[in-house]
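This report concerns only the one structure given below.
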Amino acid sequence: MANPGAALQAILFDHDGTLINSEAVHFKLWQQTLAPFDVDLTDAYYNETMAGVPTSQNGVDVVRDFNLAVEPAALANTKTRLTEEHLHKAPFPLMPGALETMTLCHELGLRIAIVTGGSKYSVQRTLECYGFADWVECVVAVEDVEHSKPAPDCYLMALEQMGLTAEQAMA
């Protein structure tokens, strides 16, 4: 007989690329951030180097790769400000099937967490605008952990906050 304590109790969702489709917006906001430096940010460079990577690391990579005379943190702060301005006007669009998946998990009584290498504000806007706020028990974002994805810190923190073991959750 299976250990009932280890039965699936929770789903830990990623945010960007799983629940929301944010990459096209992030690409445009990075282009806007880099425009004063005459950087031609291509799709290829963005997809290979920047997509899915925390903003602070993007700043480091861009300054290095384009030999820019600016502090990486200054670029990251500008990009973060532009992202927040965008999110204040409209949330990122949902990925196909995200609403249906979240609804099903809720209806099945599964506990839900969101773990992300993105900002907590971005997740909060998603929850507010798409009606998921009451379904999500826990949000762990880049600012909550010392080591962001791909390190497991955000998942471990979510499990701890929910009082679950890894065997009781799926990411």
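Give the residue that is farthest from the chain's Cα centre (by Cα), with candidates limited to residues of the stretch 68-90 that are among the small types (Gly, Ala, Ser), modelled with pLDDT of 95 or more and more than 19 Å from Ala141 (Cβ to Cβ). Looking at the filtered set, the residue picked out is Ala69. For the stretch 109-118, the count of residues that are within 15 Å of Ser22 (Cα to Cα), modelled with pLDDT under 95 and touching a Leu at 6+ places or on another chain (Cβ under 7 Å) is zero.
Right, Leu41: part of a loop (DSSP other than H, G, I, E, B) and crowded, with 16+ Cβ neighbours inside 10 Å or not? In short, yes.
Within the stretch 92-104, the presence of at least one residue that is touching a Gly at 6+ places or on another chain (Cβ under 8 Å) and modelled with pLDDT of 95 or more is confirmed.
The values are calculated or read from the model by the stated rules, or taken from the named source; none is laboratory data. Values in this document were obtained by computation on a predicted structure and should not be read as measured data. Cβ sites come from the backbone with ideal geometry, for glycine too, and all protein chains shown count toward neighbours.
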